[in-house]
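Inspection log for the structure reproduced underneath, given as structure tokens.
The values are calculated or read from the model by the stated rules, or taken from the named source; none is laboratory data. This is a predicted model, so every value here is computed, not measured. With ideal geometry, Cβ positions are generated from the backbone for all residues, glycine too; neighbour counts draw on all protein chains shown.
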Amino acid sequence: STDAGGGVYAYTATVTISDTAVYSNNITTQYGRGAGVYIGGGHATLISNTINHNTILPRGYGGGVALVNAHATLIGNTFTDNDPRGSSTSGNAGGGVYASGGTALLSGNVISGNFGSAGAGVALQDGGIFTLTNNTIRGNDDDGVYVDESWATLTGNTIRDNDRHGVEINHEQYDGIVHTAWLEDNDVLANQSTGVEGNSWVDQVTLIGNRVSGNQDRGVDLKGNGLLSHNVITGNQTAYDGGGIKAQGRFTFTHNVIMDNQAGRDGGGICYRNSTPQPNPQTLFLNNVIADNTCGATWHGCGIYIHSDENSRSAIRLLHNTIARNSGPEGVYFTSAGVNYEYLTVMFTNTILVSHTTGIATGFVTDRPDVRMEGTLWYGNGTDVAGDVTIGTVNLYQNPAFAADGYHLTAGSPAVDQGVNVTVWTDFEDDARPADYGFDLGADEVAGTALQMIKRAGSSVLEHGQTVTYTMSVTVAGGTATNLLITDTLPAQQQVGTMQVSSGTCTLIPGWGGGGVCDVGTVPSGTTVLLTMTAQMTSTPPLPADMPVPMTNTLTARSDEAGYEIYAPLRFQYCRANLNGTIYTGVQDAVDAANDGDLVKVAGYCQGMNGRGSELAYVTRTLTLRGGYTIGDWNTSDPAVNPTTLDGQRQGRVLYINGAGIAVTVEGFHIINGNAFGLGAQGGSGVDSGGGLFADQSAVVLRNNVVQHNYARYDPNAPVPGEDGYGGGICLAHPGQADLISNTITYNVSQHGGGLYAYNSTGPVTLRGNLISSNTVGCGNGCTGGYGGGVCLYDVPATFDSNTIQSNTAHYGGGGVYAGYNYNDPVIFISNTIQNNSVGGSTSDGGGVLFSHSDALLSANDILSNTAADDGGGVAATYGCDIEFNDNLIAGNQADGNGGGLYTWYDGSTVLNNNIIRDNVASGWEGWGGGAYLDNDATLDGNLIYSNVATGTNNSGGGGLYLGRSEDFVLRNNVVSDNYTDREGGGLYLYCDSTFDLLHNTIARNASGNGSAVYVDDQYGASTAYFTNTIIYSQTIGVVNGGGGKNVITLTHTLWESVTTRTVGTVGDLSPIAGSAAFAADGYHLTDASDAIDAGVDTGVAHDVDGQP
């Protein structure tokens, strides 16, 4: 034939071919199909045929058989030495069998010695559904089996000695359809490349019960989503990563034996990259034996190597694994590429980790994930732990006493019965757990009778006077349980009512904290005993301060052979609302019954969602919600003694206030665990907003509340679960007047405004006496945000009065507060403490506060110890801000850029009056202005600027102040002292094309790399600088006309003391004053002996640094 079916051609027919020899046929057309047999459409059955030596001369598909959109069954055939390659080594597939679309069953065939570039043995393509069972696919010139964009099931096959991969899976997801590959009970042996290879993202791949051994470039290499369970993966090798398994994406590894594999680089046993474009909530390693593998001597993770990408923050759980004798630097190694790993948790439970150079090590780049180990047997490691790993309370340091195979436990092993209960009911060989008297550590459970218990309460949240029903089961596995007794012990707040058992008899134990005992007798393996108990809660309610009261119910089972116990955690609490004397059991019921102006009183611990399912309470009218009561006293509200909690349990918002023109007061509550995921923002951007409280177009008063642990958007399936949305704690959308008074707003999370986000206000917003602490703003999924760790304001005229804003973090700007795009009244800060806040992104300004397109007035604030990864450690103001600072302390702040204490840039103006700016640091690639960096018009009067530092790897200057460029500056009555820079201008660096008028300033004891106290630069244009009535004291060099020396610098009436070189370059020094400054002990006030007294010239300045005439 010229193009299809060299030996047999069938098209849309029903065909049976049996006991036939089809050999030495040729196709001469390029891309021909089926040199031996071609089946196009229709139904075909091929039984016990010999199909050999068929060839497609140019190149094509299906040297032996081509099945195109057919429904075919191939049983007991032999395919050998078929070749679709012709003269080409590419563009051909399916040397033995080629199937495109349709369905095909291949069973009991021998497919060997065939040729082809994709699936020399078998090629399965183009969306077909294919099943291969009990075939021998051996010695083919390329892949044994090639699967492309199809559904494939391979069971019971022997796939070995092929010249490339044993099985190659290629799902490019072009059509958006989820394709799957299932491999079960196959032997994939001694192939020249990878045993099972996924060379692109596979939608879902499952490997169960396979033996993958002796392959020359890894046992398994997969990308995508999948399960590897009950496989034996041994004796594979690679020069690169992952001798046994290399996997990238979202995989579960359970009940595998991974031994004696070799990698030239990382991951002798497993190299796993926790990276996926899809949500990746959890990766599980369960009941695996990972032993005697080898990795490169200078590489890592010879048993397990895990690399977690930044966009794949998730939970990695490793339960009941045995990791032993892996050769190289470490048994287990975790690392990362990037930053922000606060959401990655890694938990080892019930692990045997023995006989390594180092047991476990970490190599994370910046933020440290939470890596913990509980229930570990350590033995024979040179070092148990290297890096950031938290070791739990259950640890054994003894020889594990393995059997001769090196991983089964002997009966005398110290690992027996020492594990913690993580409800894993089998070991790696599916033997029952917990045999005898507890869960064994590691993958193996020493065989014995196991009592597997489950206990559930009708409700885990209970009130006083309530009846609760418990249902329990005990399953006997692994052997007979003789003389089985089952005991249920109640908490002290409960007494037993009834108890029934499915077999045996029960005796009640009366009294509070009693329970019951059931004598079940002898129970054979495989039997489940069912129990039911009712119990009555005490009639005495708990104290509000104690709620929720934790309680524990204990279920114990004992037989002659085994014993174990489990615990059911419970909560004792109540929730009541009082509206005009009518008592309701839920807040929403009382709110719905209220009229405008009513007071709804709330007592207790209220949780869960209202009937709408999206918040705990929905308010649409003017009213007051007040907590702090008890059910015994509805007259006095005392939130400190009687806290009232509204708990959203991350199921929705806590409070939603919605209504134009309404006014709502919320006071005296703990508002916790809110989550606005999927709820949007009515009247706003549609972005999920306000996890704790969302108010839309309403006037609100929030007083004396604790707003804590809320999320604007907590999506557990997102790469970054909580870093999205606006206003983790509170969001005010288009608010009227809003007053936040004496609240504690802590530990809330969002993408903008971790504690509070407010935007497009129609009235003033006032924050007075609040603690705003430890809130977090990240960059979000996609890294598009991250402003205002504590508070984010957008077009809001706000006043901050006497608040403490501390320890908040943001990604891009405003660690404590961000205020932007407020073109009306200035944002006002009065008597606040703003400290220990930080911003950490690559371009992040304003560790304490960032103003952008907003005017501001700051008076009498303490701005302390804030940090910015870019500019403005304490405060940054950018893009047209008119900003005034009066009587503030700006101290101990640090910028990994410019402006350690203060940074202003681009248009606008700055006024600094009577501030103390000290001990700030600007350092990084560039570090200008240790105390302040001012790049707009500025007036400085009466400030103390001392002990600041500016250093930079590339460039720096202005230890105290950096001023410029193209602006006008006036400095009056300032003290600039004891500052340092590693380059020019220890006190002041005056940048180009500006006018500087310096009157009555003291410049003392500053240090710099070139010795200058003042450096005037003309890089982009000459400046004019006038110094009048100046003291320059204890400097190596006083003033330098730097750059090209084109600046015009004039000093008049300057007292020089202890200055080695007064000026460098062209500097006018008119009417210098001889004598001593004679400072007081503080280093700047004048004593009566000072020669500076009355030595100046009249400049019209009417006061000194202290405001004195």
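Within segment 3-19, is even one residue part of a loop (DSSP other than H, G, I, E, B), buried (at least 16 other Cβ atoms within 10 Å of the Cβ) and at pLDDT 95 or above? Within segment 3-19, not a single residue is part of a loop (DSSP other than H, G, I, E, B), buried (at least 16 other Cβ atoms within 10 Å of the Cβ) and at pLDDT 95 or above.
Taking segment 111-134 as the range and being modelled with pLDDT of 95 or more, more than 46 Å from the chain's Cα centre (by Cα) and either surrounded by 24 or more Cβ atoms within 10 Å (Cβ to Cβ) or under 24 Å from Gly42 (Cα atoms) (or both) as the test, only Ile111 passes. Taking Asp937 as the residue in question, decide whether it is assigned to a strand (DSSP E or B), surrounded by fewer than 22 Cβ atoms within 10 Å (Cβ to Cβ) and at positive phi. Taking the combined requirement at face value, the residue does not satisfy it. Checked across segment 539-547, the condition of being over 42 Å from the mean Cα position of the chain (by Cα), at pLDDT 95 or above and surrounded by fewer than 19 Cβ atoms within 10 Å (Cβ to Cβ) holds for at least one residue. One residue alone among Gly95, Gly63, Gly116, Gly127 is closer than 18 Å to Ala10 by Cβ, in the same structural domain as Val22 (by TED's automatic domain parsing), outside any strand (DSSP E or B) and not hydrophobic (A, V, I, L, M, F, W, C), and that residue is Gly63. Annotation note: Cβ proximity below 8 Å between a residue of segment 1082-1109 that is in contact (Cβ under 8 Å) with a residue 24 or more places away in the chain and a residue that is exposed (fewer than 13 other Cβ atoms within 10 Å of the Cβ) and not in a loop (DSSP other than H, G, I, E, B) (sequence gap 6+ or interchain) occurs for no pair.
Inside segment 100-110, residues that are part of a strand (DSSP E or B) and modelled with pLDDT of 95 or more make up a count of 6. In segment 491-498, the condition of being part of a strand (DSSP E or B) and closer than 21 Å to Ser559 by Cα is met by no residue. For segment 995-1026, which positions are part of a strand (DSSP E or B), surrounded by 19 or more Cβ atoms within 10 Å (Cβ to Cβ) and either touching a Cys at 6+ places or on another chain (Cβ under 8 Å) or among the β-branched types (Val, Ile, Thr) (or both)? Within segment 995-1026, Thr1002, Ile1003, Val1014, Val1016 qualify. Filter segment 806-831 down to residues that are assigned to a loop (DSSP other than H, G, I, E, B) and under 32 Å from the mean Cα position of the chain (by Cα) and give me whichever is surrounded by the most Cβ atoms within 10 Å (Cβ to Cβ). Once the filter is applied, the top-ranked residue is Gly815. Looking only at segment 469-527, residues that are more than 28 Å from Pro541 (Cα to Cα) and among the acidic types (Asp, Glu) come to 1 in all. Given the criterion surrounded by fewer than 24 Cβ atoms within 10 Å (Cβ to Cβ), closer than 30 Å to Thr953 by Cβ and out of contact with any helix residue (DSSP H, G or I) (no Cβ under 6 Å at 6 or more places or on another chain), identify the matching residue among Leu864, Leu857, Leu850. Leu864 is the lone residue from the list that is surrounded by fewer than 24 Cβ atoms within 10 Å (Cβ to Cβ), closer than 30 Å to Thr953 by Cβ and out of contact with any helix residue (DSSP H, G or I) (no Cβ under 6 Å at 6 or more places or on another chain). Scanning segment 147-167 for residues that are closer than 26 Å to Gly86 by Cβ, modelled with pLDDT of 95 or more and part of a strand (DSSP E or B) returns Ile159, Val167.
To keep it simple, each residue is scored yes or no on (1) more than 30 Å from Pro542 (Cα to Cα); (2) free of Cβ contacts under 8 Å to residues at least 12 places away in the same chain; (3) among the small types (Gly, Ala, Ser); (4) outside the structural domain of Asn256 (by TED's automatic domain parsing).
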residue: Asp405; (1), (2), (3), (4): yes, yes, no, no
residue: His408; (1), (2), (3), (4): yes, no, no, no
residue: Gln418; (1), (2), (3), (4): yes, no, no, no
residue: Phe428; (1), (2), (3), (4): yes, no, no, no
residue: Ala435; (1), (2), (3), (4): yes, no, yes, no
residue: Glu463; (1), (2), (3), (4): no, no, no, yes
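With the condition kept exactly as written, say whether any residue in segment 764-778 is at pLDDT below 95, under 17 Å from Cys881 (Cβ atoms) and outside any strand (DSSP E or B). No: zero hits. Looking at the structure I just gave you, is Met533 among the aliphatic types (A, V, I, L, M) and closer than 20 Å to His670 by Cβ? For Met533, the condition - among the aliphatic types (A, V, I, L, M) and closer than 20 Å to His670 by Cβ - is not met. Just checking, how many residues over segment 194-243 are among the hydroxyl-bearing types (Ser, Thr, Tyr) and either under 31 Å from the mean Cα position of the chain (by Cα) or more than 16 Å from Ile159 (Cα to Cα) (or both)? The total comes to 5. Residues of segment 898-924 that are free of Cβ contacts under 8 Å to residues at least 40 places away in the same chain and assigned to a loop (DSSP other than H, G, I, E, B): Asn915, Asp919. Looking only at segment 241-278, residues that are under 17 Å from Val332 (Cα atoms) and not in a strand (DSSP E or B) come to 13 in all. Checking each residue in segment 730-761 for being among the polar types (S, T, N, Q) and in a strand (DSSP E or B) picks out Thr744, Thr746, Ser750. Thr746 falls short on exactly one of the conditions (1) surrounded by fewer than 24 Cβ atoms within 10 Å (Cβ to Cβ); (2) at pLDDT below 95, and that condition is (2).
Among residues of segment 213-234 that are part of a loop (DSSP other than H, G, I, E, B), those with a beta-carbon under 6 Å from a residue that is surrounded by fewer than 24 Cβ atoms within 10 Å (Cβ to Cβ) at least six positions away or on a different chain give the pairs Gly214/Leu189; Gly214/Ala190; Gly214/Gly235; Gln216/Gln192; Asp217/Ser193; His230/Ile208; His230/Gly209; His230/His255. Test Thr294 against the criterion of being hydroxyl-bearing (Ser, Thr, Tyr), buried (at least 24 other Cβ atoms within 10 Å of the Cβ) and modelled with pLDDT of 95 or more, and give yes or no. Here the answer is no, as Thr294 does not meet what is asked.
Taking Asp241, is it crowded, with 21+ Cβ neighbours inside 10 Å, farther than 21 Å from Asn162 by Cα and either assigned by TED's automatic domain parsing to the domain that holds Asp444 or at pLDDT 95 or above (or both)? Judged against the criteria, Asp241 is a match.
Per the listing Val188, Val202, the residue uniquely within 19 Å of Asp141 (Cα to Cα), assigned by TED's automatic domain parsing to the domain that holds Glu149 and not basic (Lys, Arg) is Val188. Within the option set Gly497, Gly515, Gly526, Gly521, being buried (at least 20 other Cβ atoms within 10 Å of the Cβ), more than 42 Å from the chain's Cα centre (by Cα) and in the same structural domain as Gly479 (by TED's automatic domain parsing) holds for one residue only, Gly515. The C-beta contact set for segment 873-891 (first residue over 18 Å from Pro826 (Cα atoms), second residue in a strand (DSSP E or B) and acidic (Asp, Glu), distance under 7 angstrom, 6+ apart or interchain) comprises Leu889/Asp862.
None of Tyr903, Tyr933, Tyr946 is touching a Lys or Arg at 6+ places or on another chain (Cβ under 6 Å) and not aliphatic (A, V, I, L, M) except Tyr946. Checked against (1) on the phi < 0 side of the Ramachandran plot; (2) assigned to a loop (DSSP other than H, G, I, E, B), Val371 passes all but condition (2).
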